[in-house]
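Asks: Take a look at this one; I'll ask things after.
The values are calculated or read from the model by the stated rules, or taken from the named source; none is laboratory data. Computed from a prediction, not measured in an experiment: that's the story for all the values here. Because the Cβ atoms are built from the backbone with ideal geometry, glycine has one as well, and the counts that use them run over all protein chains shown. Remember, those area values only see protein heavy atoms, side chains included, never the ligands or the DNA or RNA. Shrake-Rupley method; radii C 1.70, N 1.55, O 1.52, S 1.80 Å.
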Amino acid sequence: MGRRRTQADRDAITIEIGYAFVSACFAAALAFGAVYGPALAFSLPPSTRDTLAVAGGILAAAVFVLRITHVLLGFARRPENDGR
């Protein structure tokens with residue numbers, strides 16, 4: 001039940017967390033850019049720009065959390081990582 005983790009196991013977890021974070025940042029930036037991009041490309045009223053910024057921020061945060069969750073749960077479920 002309580003098997004000790006090897007250094008290789010700890011390294012794999014560290015690398016997976018780093019990958020999850022970097023890929024989540026990239027996906028969140030793309031999501032924000034997709035929503036807020038038109039505000040930069042076109043001359044829109046300030047209220048519309050603010051609305052797009054808020055909507056982009058909310059979407060980016062959601063994408064960030066979902067991406068990290070997806071990557072780390074996928075890692076945990078692999079049989080070689082004591083997945084069930």
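Asks: Among Ala34, Leu59, Ala8, pick out the residue whose Cα is farthest towards the positive end of the charge dipole of the chain, where Lys and Arg carry +1 and Asp and Glu carry -1 on C-beta, about the Cα centre.
Replies: Ala8
Asks: In deg cm²/dmol and to the nearest 500, what is the mean residue ellipticity at 222 nm of the chain if only DSSP H runs of at least 4 residues count, each as -39500 (n - 2.57), divided by the residue total?
Replies: After summing the helix terms and dividing by residue count, I get -28500 deg cm²/dmol.
Asks: Provide the convex hull volume over Cα atoms per residue for the stretch 10-75, in Å³.
Replies: Taking only Cα atoms, the stretch 10-75 has a hull volume of 58 Å³ per residue.
Asks: If you don't mind, another one. Give, in nm to one decimal, the length gained when the segment between Arg5 and Thr51 is fully stretched (0.36 nm per residue of separation minus the Cα-Cα distance).
Replies: 11.8 nm
Asks: To continue, here is another question. Run through the stretch 29-84 and list the chymotrypsin sites (Phe, Trp or Tyr not before Pro) located in a DSSP loop whose Cβ has at most 10 other Cβ atoms within 10 Å.
Replies: Here the chymotrypsin sites (Phe, Trp or Tyr not before Pro) that fit, given the DSSP loop and packing criteria, are Phe42.
Asks: Separation between the Ile13 and Leu40 pseudo-spin-labels, each 7 Å from Cα along Cα→Cβ, expressed in nm?
Replies: For Ile13 paired with Leu40, the spin-label model returns 3.8 nm.
Asks: Rounded to the nearest 20 Debye, what is the dipole magnitude of the chain about its Cα centre when Lys and Arg each give +1 and Asp and Glu each give -1 at the C-beta?
Replies: So the magnitude is around 300 debye.
Asks: Measure nothing fancy, just the Cα-based angle from helix 46-76's long axis to the longest principal axis of the chain, in degrees from 0 to 90, nearest 10.
Replies: 10 degrees
Asks: Which of the trypsin sites (Lys or Arg not before Pro) found in the stretch 2-63 are loop residues per DSSP with 14 or fewer other Cβ atoms within 10 Å of their Cβ?
Replies: Here the trypsin sites (Lys or Arg not before Pro) that fit, given the DSSP loop and packing criteria, are Arg3, Arg4, Arg5.
Asks: Give the ranking of Ser23, Ser47 by solvent-accessible surface, highest area first, calculated with a 1.4 Å probe.
Replies: Per-residue accessible area, sorted high to low, gives Ser47, Ser23.
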